[in-house]
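Here's the structure we're looking at; comments come further down.
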Amino acid sequence: MDDIWPRFFGDLVDRVSGPMKFRLVLQPLMAAFFAIRSGLNDAKAGKPPFFWSLISDPAHDADRIKDGWKSVGRVFVLALVLDVVYQIIVEHFVYSGEAITVAVVLALVPYLILRGLVTRLAR
């Protein structure tokens, strides 16, 4: 049990130089594309920045989350699948926590940051 965290962080660092490292650039770029597109649409519609509206306006959370997931969901699923494939090739085992962490970092984090920034800049 004591070796879980060192293995977790070691495996995450190993992804940078391992096979399929192209996805570490490609997936955030795909998330950025969808974030820019959605951010521009938000600005045209006069909506508040995405992440800020999730925090400050809980009445519309379900609609905003549904809209965001529709936009970035495929990128997230692709990031998850590609990390599982990576783990099968390199580790010969699938660590679900690592796969979810990588998918969140590569798809959701760039999307959340960029969509709000684009909305603010486009206004």
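The values are calculated or read from the model by the stated rules, or taken from the named source; none is laboratory data. Note that this is a predicted model, so its numbers are computed, not measured. Note that we place each Cβ from the backbone using ideal geometry, even for glycine, and neighbour counts take in every protein chain shown. What goes into the accessible areas is simple: the full protein's heavy atoms, side chains included, and nothing from ligands, DNA or RNA. Shrake-Rupley method; radii C 1.70, N 1.55, O 1.52, S 1.80 Å.
Among all residue pairs at least 6 apart or on different chains, which show Cβ distances below 8 Å where the first residue, located in the stretch 3-19, is touching a residue at least 12 places away in the same chain (Cβ under 8 Å) and in a loop (DSSP other than H, G, I, E, B) and the second is open to solvent by 80 Å² or more (accessible area, probe 1.4 Å) and not hydrophobic (A, V, I, L, M, F, W, C)?
Hits for this filter: Arg15/Lys21.
Only one residue in Leu40, Leu29 is closer than 15 Å to Ala103 by Cα, part of a helix (DSSP H, G or I) and open to solvent by 30 Å² or more (accessible area, probe 1.4 Å). Which one?
Leu29
In the stretch 45-65, which residues are surrounded by fewer than 16 Cβ atoms within 10 Å (Cβ to Cβ), in a helix (DSSP H, G or I) and without any contact (Cβ under 8 Å) to a residue 40 or more places away in the chain?
Matches in the stretch 45-65: Ala45, Ile55, Ser56, Pro58, Ala59, His60, Asp61, Ala62, Asp63, Ile65.
Which ones in the stretch 101-123 are touching a helix residue (DSSP H, G or I) at 6+ places or on another chain (Cβ under 7 Å) and loosely packed, with under 15 Cβ neighbours inside 10 Å?
Listed by number, the residues that qualify are Ala122, Arg123.
Quick test of your reading of the structure: Gly68 fulfils all but one of (1) surrounded by 18 or more Cβ atoms within 10 Å (Cβ to Cβ); (2) touching a residue at least 60 places away in the same chain (Cβ under 8 Å); (3) of a type in the set (Gly, Ala, Ser). Name the failing condition by number.
With (1) surrounded by 18 or more Cβ atoms within 10 Å (Cβ to Cβ); (2) touching a residue at least 60 places away in the same chain (Cβ under 8 Å); (3) of a type in the set (Gly, Ala, Ser) applied to Gly68, the lone miss is (2).
If Phe93 meets every condition in (1) open to solvent by 90 Å² or more (accessible area, probe 1.4 Å); (2) in contact (Cβ under 8 Å) with a residue 40 or more places away in the chain; (3) among the hydrophobic types (A, V, I, L, M, F, W, C) apart from one, which number is that one?
Against the list (1) open to solvent by 90 Å² or more (accessible area, probe 1.4 Å); (2) in contact (Cβ under 8 Å) with a residue 40 or more places away in the chain; (3) among the hydrophobic types (A, V, I, L, M, F, W, C), Phe93 comes up short only on (2).
Taking Gly73, is it out of contact with any Gly (no Cβ under 7 Å at 6 or more places or on another chain), open to solvent by less than 80 Å² (accessible area, probe 1.4 Å) and either of a type in the set (Lys, Arg) or without any contact (Cβ under 8 Å) to a residue 24 or more places away in the chain (or both)?
Spelling it out, Gly73 is indeed out of contact with any Gly (no Cβ under 7 Å at 6 or more places or on another chain), open to solvent by less than 80 Å² (accessible area, probe 1.4 Å) and either of a type in the set (Lys, Arg) or without any contact (Cβ under 8 Å) to a residue 24 or more places away in the chain (or both).
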